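The block underneath contains the structure these notes are about, expressed in structure tokens.
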Amino acid sequence: MKALTAAIAATLMSTAAYAVTPIGSEEFNIQPGFELAELTSENFYDVIVPQAKEEGKLTFFDFTNSFGPLFTDRLLPAFEEEYGITVNYIRGNNEAAVQQLIAANNSGVAAPADVYFVGSSTTGLLMRENVMANVPLADLLPNADGFNQDIARVSGGVDHGGAYVPFHRNQTSIIYDTRTVSGDDVPTTADALLAWAEANPGKFVVTSPAGGGSGNGFMQSVAYAKVEGDDCRTEFSNFSMTEDEAKAYVEGACLNPVWDYYKKLIPVAEITNGNSDTLNLVANGAGAIGTAWEDMAYDFIGRGLLPPTVRQQIIESGQVGGGDGMFLPVGSEHPAAALLFLDFMSQHDIQLEKLGVNGSRSARTDIDPGKSFTEEQAARLIPTNEFAERALPSLPAPLRAAMRDYIVANLLRATN
């Protein structure tokens with residue numbers, strides 16, 4: 001009897017531990033038509049699937065330019081086939097969609113979409129305006145247990161408690177053409193890259209920090225490599241930093257090693273105005289090494305826009321990346337279907353297919369392209385061990401903007 005009582009108590013404690021509770025509030029900010037407080041990852045499918053099928057449809061918003069074919073040709077048909085739920089797929093501008101959602105909520109009308117795929121830069125605004133459902137999806141969705149839990153709960157320095165599901169991860173990289181630079185000879189540190197650029201003028205192609213994300217990412221990565229001292233580096237994770245504080249930091253002494261690096265690099269590198277420009281110069285042989293986004297370079301190689309001899313790496317001190325995600329909005333008219341959709345998009349096979357088609361990394365910790373992809377596919381990506389060990393978070397937005405402006409005003413213009 002004691003053993004039975006203990007087993008029952010353990011079961012009740014386990015169930016209570018996994019029960020959904022609101023994020024940052026005593027109450028949920030949505031009324032979905034089913035009891036959220038009784039929903040767990042264990043009973044998720046039993047409760048949600050019948051409700052979702054009864055709703056029968058959902059509207060999905062996508063802010064990207066590059067994911068359209070993946071959704072329309074592969075992922076959405078797969079969801080519709082598995083559950084018999086129709087998806088109305090719409091695409092548009094990220095900021096406009098968020099403002100439209102806020103306006104709808106303020107007017108007391110239904111959300112324009114049931115699931116949103118938006119940039120991580122909007123997460124703070126969505127939380128402040130109380131238009132993102134305060135449901136801990138990182139705990140609720142059965143497929144979310146495969147995510148890196150830090151990434152599943154914090155995005156761009158914003159702790160959202162698991163309400164924003166990490167769908168797409170991106171990563172900056174260094175690409176090199178093995179026809180010119182072998183894997184044994186490629187520079188693997190920031191200082192080695194500078195030395196190589198000085199020895200091979202014009203062959204290191206660097207996207208401007210103001211003209212493309214890979215250039216801004218390289219600038220941040222140089223900061224990680226060159227800035228020392230806890231007093232200086234603590235600001236790298238100060239996501240409450242204001243624009244004025246960022247400007248003061250940039251004008252101080254902490255970033256002098258970065259400016260010194262760029263003073264030497266700019267005269268010997270080829271500076272471009274965009275990510276595509278950089279890749280194109282490497283493609284036509286004008287450059288041999290360049291700054292890049294991993295997913296973009298993966299796509300270019302796959303489409304023959306970069307030669308198959310191009311490889312990617314992350315320098316030893318690390319390079320920055322980030323990611324974007326999906327969420328359930330307040331005012332969703334089909335909340336059960338939306339929750340089921342979010343869980344479906346989090347599963348291993350979907351995340352793996354996304355990586356294979358778009359080169360889009362996953363927050364899941366159980367995906368190794370070296371074991372799942374062809375040798376040709378895997379060679380187009382950053383080596384798995386480098387991605388796992390060297391991926392770094394982006395600096396706070398005000399800081400990277402202030403750094404960009406400083407380089408443009410004081411270093412790039414000075415050389416023109």
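The values are calculated or read from the model by the stated rules, or taken from the named source; none is laboratory data. Please read all numbers here as calculations on a predicted model, not as lab measurements. We place every Cβ from the backbone using ideal geometry, glycine too, and count neighbours over all the protein chains shown. Accessible surface is based on the protein model in full, side chains and every heavy atom, while ligands, DNA and RNA are left aside. Shrake-Rupley method; radii C 1.70, N 1.55, O 1.52, S 1.80 Å.
Please tell me if Ala388 is open to solvent by less than 10 Å² (accessible area, probe 1.4 Å) and either over 16 Å from Asp299 (Cβ atoms) or among the polar types (S, T, N, Q) (or both).
Here the answer is no, as Ala388 does not meet what is asked.
Look through Gly304, Gly323 and report the one residue that is in a strand (DSSP E or B) and either open to solvent by 30 Å² or more (accessible area, probe 1.4 Å) or closer than 28 Å to Ala283 by Cα (or both).
Going through Gly304, Gly323 in turn, the sole match is Gly323.
Looking only at residues that are within 13 Å of Gly290 (Cβ to Cβ) and in contact with a Lys or Arg (Cβ under 9 Å, 6 or more places away or on another chain) in the stretch 261-275, which one is most open to solvent (accessible area, probe 1.4 Å)?
Residue satisfying both the conditions and the ranking: Glu270.
Filter the stretch 48-62 for residues that are touching a residue at least 60 places away in the same chain (Cβ under 8 Å), of a type outside the set (Asp, Glu) and open to solvent by less than 70 Å² (accessible area, probe 1.4 Å) and give the result.
Across the stretch 48-62, the qualifying residues are Ile48, Val49, Gln51, Ala52, Gly56, Leu58, Thr59, Phe60.
When only residues in the stretch 143-175 that are over 13 Å from Met326 (Cα atoms) and crowded, with 24+ Cβ neighbours inside 10 Å count, which is nearest to the chain's Cα centre (by Cα)?
Filtering the stretch 143-175 for residues that are over 13 Å from Met326 (Cα atoms) and crowded, with 24+ Cβ neighbours inside 10 Å, the one nearest to the chain's Cα centre (by Cα) comes out as Gln171.
Give the stretch 23-46 a look and list any residue that's open to solvent by 10 Å² or more (accessible area, probe 1.4 Å), modelled with pLDDT under 95 and in a helix (DSSP H, G or I), or say none.
Once the filter is applied, which keeps residues that are open to solvent by 10 Å² or more (accessible area, probe 1.4 Å), modelled with pLDDT under 95 and in a helix (DSSP H, G or I), the stretch 23-46 yields Ala37, Glu38.
Could you list, in sequence order, all residues of the stretch 322-357 that are within 20 Å of the chain's Cα centre (by Cα), aliphatic (A, V, I, L, M) and under 17 Å from Gly162 (Cβ atoms)?
Met326, Leu328, Leu342, Met345
Which of (1) crowded, with 17+ Cβ neighbours inside 10 Å; (2) within 30 Å of Val135 (Cβ to Cβ) does Pro369 not meet, given it meets every other one?
(2)
Please pick out the residue among Arg74, Arg91, Arg169 that is touching an Asp or Glu at 6+ places or on another chain (Cβ under 6 Å) and either closer than 30 Å to Arg380 by Cα or at pLDDT 95 or above (or both).
That would be Arg91, the only listed residue that is touching an Asp or Glu at 6+ places or on another chain (Cβ under 6 Å) and either closer than 30 Å to Arg380 by Cα or at pLDDT 95 or above (or both).
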